[in-house]
Amino acid sequence: MNQRISLPSDQDATGRTFGPEELEALRECLNTGTLTSTKGNFVRQLEVEFAKMLGAKFAYACSSGTAAVHCAIAAINPEPGDEIITTSITDMGALTPILYQGAIPVFADVDPNTYNVTARTIERCISDRTKAIIVTHLFGNPCEMHAIMELARSRNIPVIEDCAQAFLSTYGDQYVGTIGSVGCFSLQQGKHITTGEGGIVVTNDEAIARRMYLYINKAWGYGDAKPDHYFIALNYRMSELQGAVALAQLQKLEGVVASRTRLANALTTELSGVPGISTPALTPNTVHTYWKYCLRVDESVIPGGTVALGAALKDSGILCAPRYIQKPAFACQVIKDQCTFGNSRWPFTLARPEAVDYSRGLFEGTWNALEHVLVLPWNEKYTDEHIQYLADNIRRAVSSLTGQTVAAAR
Ligand SMILES: *Cc1c(COP(=O)(O)O)cnc(C)c1O
């Protein structure tokens with residue numbers, strides 16, 4: 001029973017869904033001899049199919065999730081020193097684009113149980129300089145979008161949804177990414193589907209769509225009567241090779257999500273009643289698509305808390321990350337020490353002091369979340385046997401740390 005098994009990993013073929021479909025698409029793509037999306041059809045087709053899948057009017061592929069967030073911000077076009085509210089627990093790729101566009105990231109605290117920002121934590125950050133709100137549906141668990149959209153609409157502030165970890169997650173009857181003004185997705189190696197690196201933005205807003213399209217293309221007006229480079233922008237295009245793989249991956253997305261969700265629900269059932277750990281807190285009326293599976297660990301029940309439980313699981317070959325990120329985003333050097341352009345510290349030099357106040361007392365939810373979360377790697381290729389292995393090892397670790405026997409569910 002204590003035999004070690006190795007879990008599929010999203011970093012290699014054991015936990016990825018590549019097969020003959022991707023190879024065939026690549027062969028077809030290479031045979032055309034056209035690898036730039038400005039001339040080929042694979043990326044274009046990906047955009048059409050992705051938009052259709054989500055029920056969005058427009059989708060544009062780009063080179064990464066970071067690029068996707070950058071496009072969204074560039075489309076909203078903040079003035080230097082404008083503020084963009086974001087979350088203290090996210091990937092740095094969702095934050096540096098704010099600084100590149102000359103805006104100030106203002107961090108909202110998170111709910112310590114869902115690890116997501118809420119309408120209440122966002123509201124505290126709104127000022128007369130707030131230009132946009134970025135919400136991250138962390139780990140695939142949707143934010144409370146109803147309350148957030150109500151707040152944002154009442155202040156006329158656009159919402160960007162970072163869905164890098166939340167493909168096909170739903171809030172009510174809508175896919176996340178289609179509720180706010182823009183949805184941003186990543187196709188990086190470890191996401192639900194992948195092209196190694198890649199990204200996609202979606203929107204229903206024609207003007208935003210146009211600006212995002214231009215931003216990906218050095219703001220060159222392809223197809224216009226008198227094209228020009230209209231504004232400052234980069235080449236953030238996805239290549240046709242990536243588009244071909246992405247198209248094949250897209251056909252597998254629903255299966256990937258269904259599998260991840262089914263497996264997660266099975267683990268949640270297995271772990272019900274295990275003392276000192278809480279299974280993922282779900283927002284009512286949503287579908288969580290489990291980029292990762294998080295446990296919240298109560299150190300008053302389990303001595304040593306997340307760190308001890310993580311270490312015990314590591315001994316079973318379950319490489320979880322006590323703390324998905326080691327520290328809140330604002331504690332990273334780039335933000336803490338304002339390492340930006342030369343020695344200028346710009347755009348932080350334009351910030352209101354309150355916008356860059358990272359005092360501990362303002363982020364109780366964030367510190368609480370990071371101290372208690374244990375992130376299990378999650379994968380669509382887990383089997384029921386893997387779930388059993390995870391559950392058995394978690395129960396065994398909790399038993400040994402608490403000194404109480406933890407029985408299996410059922
Ligand atoms: C992965 C990720 C990004 C960045 O995507 P890249 O493709 O790695 O640039 C942004 N936000 C979140 C929430 C992510 O998980």
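Throughout, read-outs are computed from the coordinates displayed, never taken from laboratory work. If you're wondering where the values come from, they're calculated on a predicted model, not measured in any experiment. Ideal geometry is used to build each Cβ from the backbone, glycine not excepted, and the neighbour counts take in all protein chains shown.
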- Message: Here is the link list: LYS52/LYS131; LYS191/LYS292; LYS252/LYS314; LYS252/LYS292. Which ones come out longer than 20 Å on Cα distance?
- Response: LYS52/LYS131; LYS252/LYS314
- Message: Under the 0.36 nm per residue contour assumption, what length would be gained going from the current alpha-carbon distance of LEU23 and GLN3 to full extension?
- Response: 3.6 nm
- Query: Taking the Cβ-Cβ separation of ASN31 and GLU206 as r and a Förster radius of 41 Å, what is the calculated FRET efficiency to the nearest 0.05?
  - Reply: 0.70
- Kindly express, to the nearest 10 degrees and within the range 0 to 90, the angle between helix 20-32's C-alpha long axis and the longest C-alpha principal axis of the chain. 20 degrees
- Message: Test of understanding: extend the Cα→C-beta vector of ALA409 to 7 Å, then name every residue of segment 254-276 with backbone N under 13 Å from that spot.
- Response: 262-275
- Dividing the mean separation of Cα pairs under 8 Å (6+ apart) by the residue count of segment 207-303 yields a relative contact order in percent of 18 percent
- Query: How about segment 269-375: which trypsin sites (Lys or Arg not before Pro) there are in a DSSP loop, with at most 16 other Cβ atoms within 10 Å of their Cβ?
  - Reply: ARG345
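Tell me, CYS163, CYS71, CYS29 in order of fewest to most beta-carbon neighbours within 10 Å?
Values: CYS163 33, CYS71 30, CYS29 23.
Listing CYS163, CYS71, CYS29 from fewest to most nearby Cβ atoms yields CYS29, CYS71, CYS163.
Which length gain, in nm to one decimal place, applies between GLU385 and LYS218 when the Cα-Cα distance is subtracted from 0.36 nm times their residue separation?
Here the answer is 55.2 nm.
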- Task: Given the options GLU83, GLU150, GLU161, state which has the largest fluctuation in a GNM of the chain using a 10 Å cut-off (strictly under) for Cα springs.
- Result: GLU150
- Note on the structure: Taking Cα atoms, the helix 240-250 axis meets the longest principal axis of the chain at an angle in degrees (rounded to 10) of 40 degrees
- Task: Measure nothing fancy, just the Cα-based angle from helix 384-402's long axis to the longest principal axis of the chain, in degrees from 0 to 90, nearest 10.
- Result: 60 degrees
- Item | Electrostatic dipole magnitude of the chain [Cβ: Lys, Arg +1; Asp, Glu -1; Cα centre; debye, to 20] | 260 debye
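Viscosity 0.692 mPa s, temperature 37 °C: what is the translational diffusion coefficient of segment 310-374 from Stokes-Einstein with a Kirkwood Rh over Cα pairs, rounded to a whole number of µm²/s? Can you show the working numbers first?
Working: Rh = 14.2 Å.
So the translational diffusion coefficient is about 232 µm²/s.
If packing is taken as the average count of other Cβ atoms within 10 Å, what order do 47-60, 200-213 fall into, highest mean first?
On the way: 47-60: 18.6, 200-213: 21.4.
Packing proxy ranking, top to bottom: 200-213, 47-60.
May I ask for the Rg/Rh ratio of the chain, computed from Cα atoms with Rh as the Kirkwood radius, given to two decimals?
Values: Rg = 21.7 Å, Rh = 22.1 Å.
A ratio of 0.98.
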- Item | Spatially proximal lysines relative to LYS226 (Cα-Cα < 20 Å; intrachain offsets below 8 disregarded) | LYS39, LYS218
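How big is the Kirkwood radius of segment 13-252, worked out from every pair of different alpha carbons and given in Å to one decimal? Can you show the working numbers first?
Numbers: mean 1/r = 0.0555 Å⁻¹.
Across segment 13-252, the inverse of the average 1/r is 18.0 Å.
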